[in-house]
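The values are calculated or read from the model by the stated rules, or taken from the named source; none is laboratory data. Nothing here was measured: the structure is a model prediction, and the numbers come from that model. Cβ coordinates were reconstructed from backbone atoms using ideal geometry, including for glycine residues, and neighbour counts include every protein chain displayed. Remember, those area values only see protein heavy atoms, side chains included, never the ligands or the DNA or RNA. Shrake-Rupley method; radii C 1.70, N 1.55, O 1.52, S 1.80 Å.
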Amino acid sequence: MRSREEWSALGFATPSVLGLGLFTLFPVGMAVVMSFFDWPMLGESEFIGLENFRYLFGEDPDFLSSLRNTFVFTGLYVPLNILVALGLAFWISRSRWQNLWRVLFFIPAITPMVANAVIWKLLFQLVGTEPNLLADGSTALLSVVAMSVWQGFGYNMIVFSAAINEMSPSVLEAASLDGATGWRKLIGVQLPLISPALFFATTMTVISSMQVFTQPYILTAGGPGNATETLVMTVYQAGFQSRELGLAAAGAWVLFAIILGVTAVQFLGQKRWVHYES
């Protein structure tokens, strides 16, 4: 009977394990191998060691600028997203139409990003500023950030709204009896109560913002010049335009290492400000 149960369990798990191996583990392993090769899309591959990485950091004029643009985008997008989502979450928590506001604010997050980007591109063109906001190197990235915040804050707002509704009434009442009001109550009581939700939302938002691609690709195609070209766009261009798969794999692993490092720092730092209920 035990052997039969083990074989049954193995049969149920096999499709998932095969899918994980074929569509996740195998591509990841191949990306590691390809990053050490001169691997054109057509033709023979050649082992070159760390040359792809040396080229990215030493000779590629676009890689470092795309890396800078990615960090700038993340530095602007993450705090704006969190602040807008948090502010609206506290606002709708006091509204009698709470569920309606949740639906309305969440709609952009579930609308296809390509469709949103196309609409925003048309809006920027209709604004009629000279020069166009997307054509000016000093405002193009800011415009991409604005569109991205509008697109993405709804998810975090739902997370914060749920956390706010779960705040302990007894703790809030005790804070009010102690005279905590306004900003003092917000900073000293409410934010610590929802700090796990803040940590989760911040971590996931940082990870997604480091991988930004669709918004700048649709709105500006990385322009003007390379003012809005991000790291994922550079990887895409290396792999599917220049057809240098080894170079694209190396760039992807650089991005993975950065995201892994930033996430590790966030997890190490959470002990100082995230408060879990015991």
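With q set to 0.15, 0.16 Å⁻¹, the log10 of I(q)/I(0) for segment 195-265, from the Debye formula over equal scatterers at the Cα positions, is -0.57, -0.64.
For segment 132-221, state the semi-axes of the equivalent ellipsoid (square roots of 5 times the eigenvalues of the alpha-carbon gyration tensor), sorted largest first and rounded to whole angstrom.
So the three semi-axes of segment 132-221 are 37, 14, 9 Å.
Oblate is the label for the chain, because the ratio a/c of its alpha-carbon gyration tensor axes (a ≥ b ≥ c) is 1.5 or higher and a/b is not greater than b/c. Note on S45 and I110: their simple-model spin labels are 4.1 nm apart, each label 7 Å out from Cα toward Cβ. The accessible area of T202, taken with all protein chains in place and a 1.4 Å probe, comes to roughly 40 Å².
For S161, S208, write out the residues from largest to smallest accessible area, computed with a 1.4 angstrom probe and no ligands counted.
Of S161, S208, the descending order of accessible area is S208, S161.
Taking 7 Å steps out from each Cα toward its Cβ at N165 and W97 produces label points 1.8 nm apart. Taken over the alpha carbons of segment 118-163 as equal point scatterers, the Debye sum produces base-10 log I(q)/I(0) values at 0.33 Å⁻¹ of -1.17.
Rounding to the nearest 20 debye, state how big the charge dipole of segment 118-234 is about its Cα centre with +1 on each Lys and Arg Cβ and -1 on each Asp and Glu Cβ.
Once rounded to the nearest 20, the dipole reads 40 debye.
Across the chain, the longest run free of exposed loop sites, meaning GluC sites (Glu not before Pro) lying outside DSSP classes H, G, I, E and B with no more than 12 other Cβ atoms within 10 Å, spans 167-276. Of I194, I158, the order by accessible heavy-atom surface (1.4 Å probe, DNA, RNA and ligands excluded), from most exposed downward, is I158, I194. Choose one of N52, S66, V84: the residue whose Cα lies farthest towards the positive end of the charge dipole of segment 34-84 (beta-carbon charges +1 Lys, Arg; -1 Asp, Glu; about the Cα centre). Farthest towards the positive pole: V84.
Take L42, L255, L80 and sort them by solvent-accessible surface of the protein heavy atoms, 1.4 Å probe, largest at the top.
Heavy-atom accessible area, descending, gives L42, L80, L255.
The largest-to-smallest principal axis extents of the Cα set in segment 81-198 are 56, 28, 24 Å.
For the chain, a Gaussian network of Cα nodes joined below 10 Å ranks T70, T263, T228 by mean-square fluctuation, and the top entry is T263. Put a dot 7 Å past the Cα of R184, heading toward its Cβ, do the same for F12, and the two dots end up 5.6 nm apart.
In the distance distribution for segment 56-109, Cα-Cα pairs more than 12 Å apart total 73 percent. Solvent-accessible area per residue in the chain equals 58 Å², computed with a 1.4 angstrom probe and all protein chains kept. A compact globular protein would have a Cα radius of gyration near 2.2 N^0.38 Å; the ratio found for segment 1-114 is 1.83. The sum of -39500 (n - 2.57) across all DSSP H runs of n ≥ 4, divided by the residue count of the chain, sets its helix-only mean residue ellipticity at 222 nm to -21500 deg cm²/dmol.
Translational diffusion coefficient of segment 227-276 at 4 °C, 1.567 mPa s, Stokes-Einstein with Kirkwood Rh over Cα pairs, in µm²/s as a whole number.
Translational D for this selection: 103 µm²/s.
For segment 124-278, the square roots a ≥ b ≥ c of the C-alpha gyration tensor eigenvalues yield an a/c of 1.5 or more together with a/b not exceeding b/c, which makes the shape oblate.
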